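Below is one structure, written out as structure tokens; comments come after it.
Every number in this text was worked out from the coordinates using simple rules, so none of it is lab data. For clarity, every value in this text was computed on a predicted model and none was experimentally measured. Please note: Cβ atoms are built from the backbone with ideal geometry, for glycine as well, and neighbour counts cover all protein chains shown.
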Amino acid sequence: MKRRRALAALVAIAIAIVVTVGLMTRRAESEMLQATTCETDLRVVFEMCERGRTNGPCEHVSKAFEEACQAGCVAGVCPEQTRCTGGDPVWCASCTDMRGALFWSNLFSTAAWCDGELGVGYAEVDPEVWDACLKEAVGRQCPEIRGTDWFARMRERKE
């Protein structure tokens with residue numbers, strides 16, 4: 001009886017190790033694929049982030065913010081390749097500038113944070129609750145944006 005328990009415990013530990021190693025390997029492969037894409041074919045990331053791309057983060061953004069939204073999306077995926085070098089204002093804009101990548105990158109990361117915080121996605125919760133979470137989270141990442149009309153401007157559907 002004691003041998004069976006010991007064997008069962010060893011089997012359970014072995015299974016846990018195999019599962020953990022498998023998950024770590026899968027995550028490492030995913031990170032390696034992302035790093036390889038960012039380093040060798042950034043064009044793929046830009047295409048994924050295009051305005052109008054079905055289920056993409058910039059699918060419904062207004063035309064006025066198309067370039068900045070795409071840049072923010074790319075910056076979130078490939079931060080090392082999209083740092084401000086002083087040449088292009090979209091990459092160097094402050095967090096309050098809706099025509100800059102940082103604003104949109106912050107917006108996407110806080111939207112993901114709100115999904116986790118609320119335990120549901122945007123479509124599954126009271127829009128006012130989700131919007132309040134988003135406004136608060138963006139304000140924490142960029143305190144200078146508090147009290148501005150950024151949220152209303154972001155929601156405009158001007159083409």
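What to note about this one:
- With eigenvalues of the C-alpha gyration tensor scaled by 5 and rooted, the stretch 42-98, Å: 19, 14, 8
- Shape of the stretch 61-159, Cα gyration tensor, a/c cut at 1.5: prolate
- In sequence order, the stretch 65-79 has phi-based couplings of 10, 3, 5, 5, 4, 4, 5, x, 5, 5, 4, x, 8, 10, x Hz under the Karplus curve 6.51 cos²θ - 1.76 cosθ + 1.60, θ = phi - 60°, and Gly or Pro positions carry x.
- Charge tally in the Cβ shell below 11 Å around Cys114, where Lys, Arg are +1 and Asp, Glu are -1, Cys114 excluded: -3
- Sorting 41-53, 95-107, 78-90 by average packing, meaning the other beta carbons within 10 Å per residue, from highest down gives 95-107, 41-53, 78-90.
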